[in-house]
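> Structure provided below as structure tokens; questions to follow.
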Amino acid sequence: MKQFKLVATAASGIEALVGKELRTMGYECEVENGKVFFTGTQEDIAKTNVWLRTADRVKIIVGEFDAIEFDELFEKTKALPWEDLLPMDANFPVAGKSIKSTLYSVSDCQALVKKAIVDRLSAVYHRKTRLPETGALYQLEVALLKDKVTLTLDTTGSSLFKRGYRIAKGGAPLKENMAAALVSLTTWRKDRPFYDPVCGSGTIPIEAALIGRNIAPGISRGFAFENWEWFDKQIIDTVRADAKSAIDHDVVLDIMGSDIDAKMIEIAKQNAIEAGVGDSIVFKQMQLKDFTTEKEYGVILANPPYGERLGEEEEIQALYKQMGQTYRPLKTWSKYIITSDLTFESFYGERATKKRKLYNGALRTDLFQYWGTRPPRTPRN
């Protein structure tokens, strides 16, 4: 089976989690800023697209080389075996980016790469007229970084955060892969309580339930590679069937999401049903300050509104203060709050045990972590 050089892309600050996921799946990988490199077959392309929770995309690296002149970019691109990946009727737009490179004009690089591939394919397929480009989508990218060129083919299609379960959303929803990343950064285990006090459309509790039930995040969506004529269709069918049989239907989860907005609670319930975890989460309309519990050793994970608009700041800061007053007495619970307000601790009323810098899109945020006391160890027999 042919081996491909592959790269899983991720948001800045999340790549280490993608690397951890891939290693857990049995892959050797290298983690760089925003990227995780590994090798695999068609089966691995299907498996990683279906199972990766925190990545954005899985791409095939078609070629890598240095180029400081346009002729060099053209000839080295043309020398690659594009016919192995692109059929005669392939629809292959070329996206581009250039950082700290001599060839800084992205549009010129895109046009040149496109022309080089057209020349190669026209020669291979004996075409004297234009290539039809009426077939399946093969999204390519030319990326230049410090004069190193990387040419990739996207196997994913719509980004992996689009799981397919979100039928409605709130004003500023958290991406599903970021929500999964936040859950995995906590100490939560599926035998412990989990609570999101500002759940909005339910993304964080839903991602926790998918993890708890071992439901593959991409099990119900399609991918770009499924439309490629050279890709063995039987492979994705087998991967999906294996993912279905891996679901833990028996686990009992204690996951709760609440929000002050009754409309959002209804949306969250619908999204959870769509994700197949409607019976695994309790959603409740409730003010943050009304939360009380006798349970121990749970996890609270909150993505409160950031107060980006004028006049909202004081309201948000009052919410942070309320969080501190409500959650500080819960000594055995661990609390995790993500916000772009770096003064959060002063309103919460306590220094975080640890902070982690993350990017929610282009927005710099910090995950403020307050670790609860550990449960006593059960003595060994």
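The values are calculated or read from the model by the stated rules, or taken from the named source; none is laboratory data. Remember, predicted model here, so these are calculated numbers, not experimental data. Positions of Cβ are backbone-derived with ideal geometry, glycine not excepted, and every protein chain shown enters the neighbour counts. All accessible areas refer to the heavy atoms of the entire protein, side chains included, with ligands and DNA or RNA removed. Shrake-Rupley method; radii C 1.70, N 1.55, O 1.52, S 1.80 Å.
> Of everything in region 171-190 that's closer than 22 Å to Leu17 by Cα and part of a loop (DSSP other than H, G, I, E, B), which residue is most open to solvent (accessible area, probe 1.4 Å)?
Of region 171-190, the ones closer than 22 Å to Leu17 by Cα are 173-190.
Retained after the next criterion (residues that are part of a loop (DSSP other than H, G, I, E, B)): 173-175, 186-190.
Details: Pro173: 49, Leu174: 10, Lys175: 88, Thr186: 16, Thr187: 74, Trp188: 28, Arg189: 126, Lys190: 97 Å².
Going through the qualifying residues, I end up with Arg189.
> Step by step: first the residues of region 6-26, then only those that are open to solvent by 10 Å² or more (accessible area, probe 1.4 Å), in a loop (DSSP other than H, G, I, E, B) and within 15 Å of Lys357 (Cα to Cα), then the one that is modelled with the highest pLDDT. Which residue is that?
First pass over region 6-26, keeping only residues open to solvent by 10 Å² or more (accessible area, probe 1.4 Å): 9-13, 15-17, 20-21, 23-26.
Then keep just the ones that are in a loop (DSSP other than H, G, I, E, B); that gives 10-13, 25-26.
From the residues that got through so far, the ones that are within 15 Å of Lys357 (Cα to Cα) too are 10-13.
On the way: Ala10: 96, Ala11: 92, Ser12: 89, Gly13: 90.
Going through the qualifying residues, I end up with Ala10.
> Give all pairs with beta carbons closer than 8 Å in which a residue from region 113-129 that is small (Gly, Ala, Ser) meets a residue that is open to solvent by less than 50 Å² (accessible area, probe 1.4 Å); count only pairs at least 6 apart in sequence or on separate chains.
Sorted first by the residue in region 113-129, then by its partner, the pairs are Ala116/Leu73; Ala116/Phe74; Ala116/Thr77; Ser122/Leu131.
> Go through region 340-372 residue by residue and tally those that are β-branched (Val, Ile, Thr) and modelled with pLDDT of 95 or more. Before you say what the answer is, go through the steps one by one.
Narrowing region 340-372 to residues β-branched (Val, Ile, Thr): 343, 353, 365.
Next, from what is left, pick out any that are modelled with pLDDT of 95 or more: 353.
Qualifying residue count, region 340-372: 1.
> So which residues in region 208-245 are over 18 Å from the mean Cα position of the chain (by Cα) and open to solvent by less than 40 Å² (accessible area, probe 1.4 Å), if there are any at all?
Arg213, Phe225, Trp228, Phe231, Ile235, Ile236, Val239, Ala243
> So, one more: List the residue pairs whose Cβ atoms are under 9 Å apart, where the first residue sits in region 288-301 and is of a type in the set (Ser, Thr, Tyr), the second is open to solvent by 100 Å² or more (accessible area, probe 1.4 Å), and the two are 6 or more positions apart or on different chains.
Cβ pairs passing all conditions: Tyr297/Arg374.
> Would a scan of region 40-48 turn up a residue that is without any contact (Cβ under 8 Å) to a residue 60 or more places away in the chain, open to solvent by less than 10 Å² (accessible area, probe 1.4 Å) and assigned to a strand (DSSP E or B)? Outline the logic, then answer.
Filtering region 40-48 down to residues without any contact (Cβ under 8 Å) to a residue 60 or more places away in the chain leaves 40-41, 44, 48.
Narrowing further to those that are open to solvent by less than 10 Å² (accessible area, probe 1.4 Å): 40, 48.
Still in the running and assigned to a strand (DSSP E or B): 40.
Looking through region 40-48, at least one residue is without any contact (Cβ under 8 Å) to a residue 60 or more places away in the chain, open to solvent by less than 10 Å² (accessible area, probe 1.4 Å) and assigned to a strand (DSSP E or B).
> May I ask you to list the residues in region 354-372 that are open to solvent by 80 Å² or more (accessible area, probe 1.4 Å) and touching a residue at least 12 places away in the same chain (Cβ under 8 Å)?
From region 354-372, those open to solvent by 80 Å² or more (accessible area, probe 1.4 Å) are 354-355, 357, 362, 364, 371; that's our starting set.
Answer for region 354-372, where residues must be open to solvent by 80 Å² or more (accessible area, probe 1.4 Å) and touching a residue at least 12 places away in the same chain (Cβ under 8 Å): Lys354, Lys355, Lys357, Arg364, Trp371.
> Related question: With the checklist (1) in a loop (DSSP other than H, G, I, E, B); (2) of a type in the set (Phe, Trp, Tyr); (3) buried (at least 24 other Cβ atoms within 10 Å of the Cβ) in hand, flag the one item Tyr165 doesn't pass.
Unmet for Tyr165, out of (1) in a loop (DSSP other than H, G, I, E, B); (2) of a type in the set (Phe, Trp, Tyr); (3) buried (at least 24 other Cβ atoms within 10 Å of the Cβ): (3).
> List the number of the failed condition for Thr152; all other conditions in (1) under 17 Å from Val277 (Cα atoms); (2) more than 14 Å from the chain's Cα centre (by Cα) hold.
The failed condition is (1).
> For a quick check of your reading of the model, give me the residue pairs whose first member lies in region 245-267 and is acidic (Asp, Glu), whose second is open to solvent by 40 Å² or more (accessible area, probe 1.4 Å), with beta-carbon atoms closer than 6 Å and at least 6 apart or on different chains.
If the second residue must be open to solvent by 40 Å² or more (accessible area, probe 1.4 Å), the pairs left are Asp248/Asn214.
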